[in-house]
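Everything on this sheet refers to the single structure shown next.
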Amino acid sequence: MKTSSHDDTLFENNIGEIKGQQGKYIIRVKKMTDCQGDAEVAKSPLELYEQLTAQGDEVRTLKTAKADKAEIDAAVQLLLKLKVGYKQMTGQDFKAGCPPSDNSVAPNNGPAAVDADDEDTVDPWNVSTSNAKGVDYDKLIVRFGSSKIDKELVDRIEKVLGQKPHRFLRRGIFFSHRDMQQVLDAYEKHKSFYLYTGRGPSSEAMHVGHLIPFIFTKWLQDVFDIPLVIQMTDDEKYLWKDLTLEDCHHFAVENAKDIIACGFDVNKTFIFSDLDYMGATPEFYRNVVKIQKHVTFNQVKGIFGFTDSDCIGKISFPAIQAAPSFSSSFPQIFKGRKDIQCLIPCAIDQDPYFRMTRDVAPRIGYPKPALLHSTFFPALQGAQTKMSASDANSSIFLTDTPKQLKNKVNKHAFSGGKDTVEEHRKYGGNPDIDVAFMYLTFFLEDDEQLEKIRQDYTSGALLTGELKKILIETLQPMIAQHQERRKQVTDEIVKQFMTPRPLNFNF
Ligand code: TRP
């Protein structure tokens, strides 16, 4: 029988709810909003696919013709809506040039968080909203049943650490948590815990958005002085994408170099590829199997929106992402102890994995992992979606030259400024929808300088070009330094990080 805990919110997002009855779970699937519920509703996946293709062309034509901004925005919004509808109908992401394989319609039990009112979509594979300011994160907290990182918590972190909290905490970029108070209580009592984060290596190209959790995790490791494990889910990418196992493993090692370049301490950090580690460590696989035994197909359908036609690899994968949340999965580091609490910094779209993990944990005798959730890093085109490596124009890559970076920001970064200098001076710009400003909130360290920029942009004293110039000058040295550090990461160093071994901690 499921005991009541504050994780009863596990399935309380729009897709269904869970009721314990004689030791059994019954999941009631609520009907999802009809996302494309206006006149243009398509009847079959193929029709919807064709409509999407046409709408994509329309957006491109409008952009090339430098059409009115409002007109482009409306076209983009319709495109996003159609994409959400397509995913709901087919269970697949829309891919230009790849029509749906058959005309079968997926059962209507799609991913967790499609908001009934405003159509924000947030799950491990899709992030989209029609709001130029981005996803409504306060609503997401309510929907996911997590807690807000409020001023009180940030103040407490400052007090416990005796130092200024990271700008990601000061600015609400890490905005939501589970059980962080409990982690701080433990820390004050000198009880140890460890950090776990990860990356799905789907290509060699990493962009600046990918660095957000790692920059923050590096800070956490420094201030708390605790072990860190980083999971490279090459198995996940093999299951989800059209890639070979060799490709995925290669990307895992290449991406590990970018992660190491964030400055992690080799004596305190273990990076592992699932494809290597699962077979090498019996304790890890035993945890995977324990988790698998405690989650039903119905539950993963409800949480992740899997359908009957998804391969069984996908269906069981969540257990593999859950396993590193338990210290006994790393006998080399924790010497068989299974009671060390885990803290997971991640983007909020990964939360479904850890809602599942937290539900399972007490039933298999392990502590629940605590979480810190970040917002998404917006695409250059605007906060309606996150930066995506598969769209070169939406991303600033870690390999971009200073010139490429400058051109991308100037050409593609969605501006909250007015169309002419005169209007801008008169009415001012809108930093809340301005991508250059949003990026500065992620990367400009100085709070006062950031506030001054916000005020000047809002009043019209600062022009869009000038704002973009500040961003370019902030990012160029940051990326150059990253490239310099990455060059220093030899194969030998990667091997050290990726070898199962004790770390510099006594357990
Ligand atoms: N699934 C994640 C991705 O595709 C990778 C990942 C695995 C992860 N374990 C994690 C991310 C823990 C954050 C925390 O990127």
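The values are calculated or read from the model by the stated rules, or taken from the named source; none is laboratory data. Computed from a prediction, not measured in an experiment: that's the story for all the values here. Every residue, glycine among them, receives a Cβ derived from its backbone with ideal geometry; neighbour counts consider all protein chains shown.
Restrict the check to region 107-116 and report whether at least one residue is modelled with pLDDT of 75 or more and outside any helix (DSSP H, G or I).
As a first pass, look at region 107-116 and keep what is modelled with pLDDT of 75 or more: none.
Among the residues of region 107-116, not one is modelled with pLDDT of 75 or more and outside any helix (DSSP H, G or I), which makes the answer no.
Can you pull out every residue in region 155-174 that is in a helix (DSSP H, G or I) and within 13 Å of Ile215 (Cβ to Cβ)?
Step one: of region 155-174, the residues in a helix (DSSP H, G or I) are 155-161, 167-170.
Passing the criteria: Arg167, Phe168, Leu169.
So which residues in region 250-261 are crowded, with 20+ Cβ neighbours inside 10 Å, of a type outside the set (A, V, I, L, M, F, W, C) and away from the ligand (no atom under 15 Å from the Cβ)?
The one that is crowded, with 20+ Cβ neighbours inside 10 Å, of a type outside the set (A, V, I, L, M, F, W, C) and away from the ligand (no atom under 15 Å from the Cβ): Lys257.
Please work out which one of (1) over 26 Å from Phe376 (Cβ atoms); (2) assigned to a helix (DSSP H, G or I); (3) in contact with a Phe, Trp or Tyr (Cβ under 9 Å, 6 or more places away or on another chain) is the condition Thr474 fails and give its number.
(1)
Scanning for something closer than 30 Å to Val288 by Cβ, of a type outside the set (Asp, Glu) and within 16 Å of the ligand (Cβ to nearest atom), does region 389-401 turn up at least one residue? Even if it seems obvious, please write down each step before you answer.
In the first step, residues of region 389-401 are kept if they are closer than 30 Å to Val288 by Cβ; the result is 389-390.
Now narrow it down to the ones that are of a type outside the set (Asp, Glu): 389-390.
With within 16 Å of the ligand (Cβ to nearest atom) added as a condition, the list becomes 389-390.
Checked region 389-401: at least one residue is closer than 30 Å to Val288 by Cβ, of a type outside the set (Asp, Glu) and within 16 Å of the ligand (Cβ to nearest atom).
Can you name every residue in region 289-309 that is surrounded by fewer than 19 Cβ atoms within 10 Å (Cβ to Cβ) and of a type in the set (A, V, I, L, M)?
If the condition is that a residue be surrounded by fewer than 19 Cβ atoms within 10 Å (Cβ to Cβ) and of a type in the set (A, V, I, L, M), then Val289 is the only one that fits.
Can you find a residue in region 334-352 that is within 16 Å of the ligand (Cβ to nearest atom), closer than 15 Å to Glu236 by Cβ and free of Cβ contacts under 8 Å to residues at least 24 places away in the same chain?
No: zero hits.
In a helix (DSSP H, G or I), within 24 Å of the chain's Cα centre (by Cα) and not hydrophobic (A, V, I, L, M, F, W, C): is that true of Lys237 in this structure? Before you say what the answer is, go through the steps one by one.
Details: in a helix (DSSP H, G or I): yes; within 24 Å of the chain's Cα centre (by Cα): yes; not hydrophobic (A, V, I, L, M, F, W, C): yes.
It is true that Lys237 is in a helix (DSSP H, G or I), within 24 Å of the chain's Cα centre (by Cα) and not hydrophobic (A, V, I, L, M, F, W, C).
What is the number of the single condition among (1) free of Cβ contacts under 8 Å to residues at least 24 places away in the same chain; (2) surrounded by fewer than 18 Cβ atoms within 10 Å (Cβ to Cβ) that Asn430 does not meet?
Looking at each condition in turn, Asn430 falls short on (1).
So for region 195-208 (the condition being more than 16 Å from the ligand (Cβ to nearest atom) and assigned to a helix (DSSP H, G or I)), does at least one residue qualify?
First, pick out the residues of region 195-208 that are more than 16 Å from the ligand (Cβ to nearest atom): none.
No, region 195-208 contains no residue that is more than 16 Å from the ligand (Cβ to nearest atom) and assigned to a helix (DSSP H, G or I).
Of all residues in region 390-414, how many are assigned to a loop (DSSP other than H, G, I, E, B) and either in contact with a strand residue (DSSP E or B) (Cβ under 7 Å, 6 or more places away or on another chain) or closer than 14 Å to Ala379 by Cβ (or both)?
Applying the first criterion (assigned to a loop (DSSP other than H, G, I, E, B)) to region 390-414 yields 390-391, 395-396, 398-401, 413-414.
Okay, now just the ones that are also either in contact with a strand residue (DSSP E or B) (Cβ under 7 Å, 6 or more places away or on another chain) or closer than 14 Å to Ala379 by Cβ (or both), so 390-391, 395-396, 398, 413-414.
The number of residues fulfilling the criteria is 7.
Within region 455-462, can one find any residue that is among the small types (Gly, Ala, Ser), within 19 Å of Ile215 (Cβ to Cβ) and out of contact with any Asp or Glu (no Cβ under 6 Å at 6 or more places or on another chain)? Give the steps one after another, and end with the answer.
Let us first name the residues in region 455-462 that are among the small types (Gly, Ala, Ser), namely 459-461.
Now restrict to residues that are within 19 Å of Ile215 (Cβ to Cβ): none.
Looking through region 455-462, none of the residues is among the small types (Gly, Ala, Ser), within 19 Å of Ile215 (Cβ to Cβ) and out of contact with any Asp or Glu (no Cβ under 6 Å at 6 or more places or on another chain).
State all residues of region 363-376 that are part of a loop (DSSP other than H, G, I, E, B) and within 13 Å of the ligand (Cβ to nearest atom); if no residue qualifies, say none.
Keep residues of region 363-376 that are part of a loop (DSSP other than H, G, I, E, B), which gives 365-369, 375-376.
Of everything in region 363-376, those that are part of a loop (DSSP other than H, G, I, E, B) and within 13 Å of the ligand (Cβ to nearest atom) turn out to be Pro369, Phe376.
Go through region 315-329 and give me each residue that's near the ligand (Cβ under 8 Å from one of its atoms) and surrounded by fewer than 23 Cβ atoms within 10 Å (Cβ to Cβ). Spell out the reasoning first.
Residues of region 315-329 near the ligand (Cβ under 8 Å from one of its atoms): 321, 324.
Answer for region 315-329, where residues must be near the ligand (Cβ under 8 Å from one of its atoms) and surrounded by fewer than 23 Cβ atoms within 10 Å (Cβ to Cβ): there is none.
Within region 353-362, can one find any residue that is within 16 Å of the ligand (Cβ to nearest atom) and β-branched (Val, Ile, Thr)? Write out each step before concluding.
Our first condition is that a residue be within 16 Å of the ligand (Cβ to nearest atom); within region 353-362, this holds for 353-358, 360-361.
After this cut, where a residue has to be β-branched (Val, Ile, Thr) as well, the list is 357, 360.
Yes, the conditions are met somewhere in region 353-362.
Kindly indicate which of Ser390, Ser394, Ser415 is closer than 14 Å to Val208 by Cβ and not hydrophobic (A, V, I, L, M, F, W, C).
Values: Ser390 fails: closer than 14 Å to Val208 by Cβ; Ser415 fails: closer than 14 Å to Val208 by Cβ.
Result: Ser394 is the single residue among Ser390, Ser394, Ser415 that is closer than 14 Å to Val208 by Cβ and not hydrophobic (A, V, I, L, M, F, W, C).
Only one residue in Ala370, Ala383, Ala392 is small (Gly, Ala, Ser) and either more than 18 Å from the chain's Cα centre (by Cα) or farther than 24 Å from Pro124 by Cβ (or both), so which one is that?
Just a single option satisfies the conditions, and that option is Ala392.
Name the residue that is nearest to the ligand (Cβ to nearest atom), counting only residues in region 209-241 that are surrounded by fewer than 19 Cβ atoms within 10 Å (Cβ to Cβ), charged (D, E, K, R) and at negative phi.
Only one residue fits best here, namely Lys241.
Select, from Phe306, Phe284, Phe272, Phe317, the only residue that is farther than 21 Å from Tyr196 by Cα and either touching a residue at least 40 places away in the same chain (Cβ under 8 Å) or outside any helix (DSSP H, G or I) (or both). Spell out the reasoning first.
Numbers: Phe284 fails: farther than 21 Å from Tyr196 by Cα; Phe272 fails: farther than 21 Å from Tyr196 by Cα; Phe317 fails: farther than 21 Å from Tyr196 by Cα.
Matching residue, one of Phe306, Phe284, Phe272, Phe317: Phe306.
Tell me which of these His373 doesn't satisfy, since it passes every other one: (1) at positive phi; (2) modelled with pLDDT of 95 or more.
The failed condition is (1).
From the list Ile333, Ile312, Ile364, which one is closer than 19 Å to Asp274 by Cα, hydrophobic (A, V, I, L, M, F, W, C) and surrounded by fewer than 19 Cβ atoms within 10 Å (Cβ to Cβ)? Explain how you work it out, then say what you get.
Working: Ile333 fails: surrounded by fewer than 19 Cβ atoms within 10 Å (Cβ to Cβ); Ile364 fails: closer than 19 Å to Asp274 by Cα.
Ile312 is the lone residue from the list that is closer than 19 Å to Asp274 by Cα, hydrophobic (A, V, I, L, M, F, W, C) and surrounded by fewer than 19 Cβ atoms within 10 Å (Cβ to Cβ).
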